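Working notes for the structure below.
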Amino acid sequence: MARVLITGSSQGLGLMTAELLTEQGHSLVLHARSEHRAAETRSALPAADAVVVGDLSTVEGMRSVAEQANRAGPFDAVIHNAGVGYREQHMVTADGLSHVFAVNVLAPYLLTALITAPGRLVYLSSGMHQGGSADLSDPQWEHRHWQSAQAYSDSKLFDVILAFAVARRWPAVRSNALEPGWVPTRMGGPGAPDDMDLAHVTQAWLAVSDDPAADVSGSYFYHQQLRQPAPVSRDTAGQEALLDYCAALSGTRLPAGA
């Protein structure tokens, strides 16, 4: 039995993943943005051991979630599922950051840095990362006209870069990224054409499976199959640049080793 933390698991793919892992006999700690959402989450999956609560759009909220997670841990796996979508309006957080960047990129970075390292880390990306830019000259969209799809694509590329940077930095941890497909969740929209029955399977598989195909690190998956990520995600200089940028924003550097 594995013990797994899933961020953004009050609904959607996060909750579906939690339900699947619970059915398989694993121990789950879930995450919700607010106490109201936490109560709904406990009702939806009473078998979960605990629900940590915190708004991942702020550094303070990220730190609080990490502290609660460490009290509830340690974990065999952490699934970084929390995210916001490609139709977001341009919003600035209390820390002066783009909301999309804060939730989709800085939160998984800071949680990775602060939560006691598990055996496996799983980062949810998107096929849209292929159209993303790794340029760090204006990731907060302070000097550009807002383009929600581009901001989302950039953030999902940064998630892949983060996963691969952690895999390289922490060889004892299996760190991978995946795309669940364009599925009809609240984020994906009702017209999304991909298979909802498969959307949550790969992240659960990467988190707990004994399948040799899941016993890898620094890889990118779609429906349990290897898929080639954007080539820029393999650039070690770009990986280090993202880690340095997130460290400067959050005041916390990724530890040298797990």
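Odds and ends about this structure:
- Toward the positive end of the charge dipole of the chain, with +1 on the Cβ of Lys and Arg and -1 on the Cβ of Asp and Glu, the farthest Cα among GLN147, TYR222, VAL160 is that of VAL160.
- Taking the C-alpha atoms of the stretch 3-250, convex hull volume expressed per residue in Å³: 115
- Per-residue extension of 0.36 nm, minus the Cα-Cα distance of VAL232 and SER34, leaves a gain of 67.7 nm for this segment.
- Screening the chain for whole DSSP H helices with an alpha carbon extent of at least 24 angstrom along the helix axis and a mean Kyte-Doolittle hydropathy of at least 0.0 yields 148-169.
- Within the shell of other residues whose beta carbon sits under 15 angstrom from the beta carbon of PHE164, the net charge comes to +3, with Lys and Arg scored +1 and Asp and Glu -1.
- What the pair-distance distribution of the stretch 1-77 shows, using all Cα-Cα distances binned every 5 Å from zero, is 3, 18, 30, 27, 16, 5, 1 percent.
- Length-normalised contact order of the stretch 32-96 in % [C-alpha pairs under 8 Å, at least 6 apart]: 26
- Residue exposure proxy: MET128, MET91, MET16, ordered by other Cβ atoms within 10 angstrom of their Cβ from fewest to most, comes out as MET91, MET128, MET16.
- For SER209, SER250, the sequence from fewest to most other C-beta atoms within 10 Å is SER209, SER250.
- Simple Cβ-charge dipole of the chain, Lys/Arg +1 and Asp/Glu -1, about Cα centre, in debye nearest 20: 260
- Ranking of SER125, SER155 by count of other Cβ atoms within 10 Å, fewest first: SER155, SER125
- Rounded, prolate or oblate (a/c below 1.5 giving rounded, otherwise prolate when a/b exceeds b/c) for the stretch 74-129 by Cα gyration tensor: oblate
- Three-way shape call for the stretch 104-258 based on the alpha-carbon gyration tensor, with the a/c threshold at 1.5: oblate
- Environment charge at GLN228 (Cβ cut-off 13 Å; Lys +1, Arg +1, Asp -1, Glu -1): +1
- Alpha carbon centroid spacing (whole Å) that separates the stretch 135-182 from the stretch 54-125: 13
- Bridge type composition, the chain - antiparallel percent by DSSP, nearest 5: 10
- Using the rule -39500 (n - 2.57) for each DSSP H run of four or more residues, divided by the residues of the chain, the 222 nm mean residue ellipticity is -11000 deg cm²/dmol.
- Most mobile listed residue (ALA163, ALA117, ALA48) in the chain, GNM with C-alpha springs under 10 Å: ALA48
Where a number appears in this text, it was derived from the coordinates with a stated rule and is not lab data. Quantities reported herein were computed from a predicted structural model and do not represent experimental measurements. Cβ atoms come from the backbone with ideal geometry, glycine included; neighbour counts cover every protein chain shown.
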